[in-house]
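Participant: Can you read through this structure? Questions will come right after.
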Amino acid sequence: MSENSYEQSEITARAEFVLKNVDLSWSDIEQKDILDIGSGESALAQEATRRGSTARITSLDRKVEKNWLGLPGQVKKRLLQAEGEALPFSESSFDYAIMHGSAGSDVIPEAVRVLRPGGELRMAPLAGMLLEYWNISYYLDKVKGRPQQEIVQLLEDFDRRIEEADGWLPNEYVKLRKEALDTLSQPQKIKVIEMMVKRYSQVLNLSFSFKVDDPSAREPNALLIYKKPE
Ligand SMILES: C[S@@+](CC[C@H](N)C(=O)[O-])C[C@H]1O[C@@H](n2cnc3c(N)ncnc32)[C@H](O)[C@@H]1O
C-alpha cells in the first residue's frame, strides 16, 4: 500500500486484516491507548475513526504522505513522523504497541519502553529482520544446501534491499522463503517459529510468547507478544 490513493473498502479491509493478525478486536481496543508503529497509511486509525471507536490510536511512521492524514470528511487523527527506534513518547504511555508488517526488531526495546505496566506489544507477522535473516540462513543452509559464503552474500544483499524497501520485502526474498518453508511439515513449521521466538527472547532479553492462527498455512502467520510486567 505505497500508492497514493485508497478506497474506503481497502482501508476497512486493511484495518480488519491488521487487527486479526495481532489478535485484537474492536472491543478489545475501546478506550485504550494504541501506538501503531510503522502505520503506513494508518488504516487502523482511519477505520477506527469511521466506526466511531473510542480507541485512542497514535499512528507513527518514518515516512508520512499527505493522503495518510485520512479520507475526505474524516476527523483529524494523530499521525506522527518519527523513527520507531526513537519514539517521541515518555514511558508508560500506551496499552498496546502494534507493529504490523512494519519495522524490524530494533524498534522493540522502544515499543516496550512506552508500554504501561500490563501493556502488550503485538508484532505480526513474525518477520523482524533479525528473524528473517536467521530463518533464511537456517533453511538455506540446511534445506537448500548452499555454501555458507553464498548465504552470507545473499543476506548482505537482502540486508541492503530490505533497508531500501522500508519493510516491503523484496520478491526474490519472499520466493526463497516460500521455497524453504514448502519443504517443511506442519510440526516443523511450528518448531521453527518456536525457535525464532526463543531467538528473539535471547537477543532482546525479553520474554515473548506467540500465537499461530493457522498452522496448516504454507507460511503460518505467527504473532509475537510481549506483556510488560504489572
Ligand atoms: C509494509 S508497511 C505496513 C503498514 C501498516 N502497518 C499495515 O500493515 O498496513 C511498513 C511501514 O513501516 C514503516 N517503517 C519501517 N521501519 C520503520 C521504522 N524503523 N520506524 C518507523 N516506521 C517504519 C515504513 O515506512 C512503512 O510505511
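Participant: Please enumerate the residues belonging to segment 86-112 that are in contact (Cβ under 8 Å) with a residue 12 or more places away in the chain and in a loop (DSSP other than H, G, I, E, B).
Facilitator: Across segment 86-112, the qualifying residues are 86, 87, 89, 90, 91, 92, 93, 101, 102, 103, 104.
Participant: Hey, can you tell me all the residues within segment 23-64 that are surrounded by fewer than 21 Cβ atoms within 10 Å (Cβ to Cβ) and among the charged types (D, E, K, R)?
Facilitator: 23, 28, 30, 32, 33, 50, 51, 56, 62, 63
Participant: OK, next. Going by the structure shown, is residue 2 surrounded by fewer than 16 Cβ atoms within 10 Å (Cβ to Cβ), farther than 18 Å from residue 120 by Cα, modelled with pLDDT under 95 and within 15 Å of the ligand (Cβ to nearest atom)?
Facilitator: Yes.
Participant: Check segment 32-42 and report whether any residue there is modelled with pLDDT under 90, at negative phi and over 12 Å from the mean Cα position of the chain (by Cα).
Facilitator: Yes, segment 32-42 has at least one match.
Participant: Looking only at segment 87-125, how many residues end up being under 21 Å from residue 53 (Cβ atoms), surrounded by fewer than 22 Cβ atoms within 10 Å (Cβ to Cβ) and among the polar types (S, T, N, Q)?
Facilitator: Of the residues in segment 87-125, 1 are under 21 Å from residue 53 (Cβ atoms), surrounded by fewer than 22 Cβ atoms within 10 Å (Cβ to Cβ) and among the polar types (S, T, N, Q).
Participant: Against the conditions (1) more than 22 Å from residue 84 (Cβ to Cβ); (2) more than 13 Å from the ligand (Cβ to nearest atom), where does residue 16 fall short? Just the number, please.
Facilitator: Condition not satisfied by residue 16: (2).
Participant: What residue, of 84, 128, 70, is at pLDDT below 90, more than 9 Å from the ligand (Cβ to nearest atom) and buried (at least 21 other Cβ atoms within 10 Å of the Cβ)?
Facilitator: 128
The values are calculated or read from the model by the stated rules, or taken from the named source; none is laboratory data. As the structure is a computational prediction, the values presented were derived from the model and not from experiment. So basically every Cβ, Gly included, is an ideal-geometry build from the backbone, and we count neighbours across all protein chains shown.
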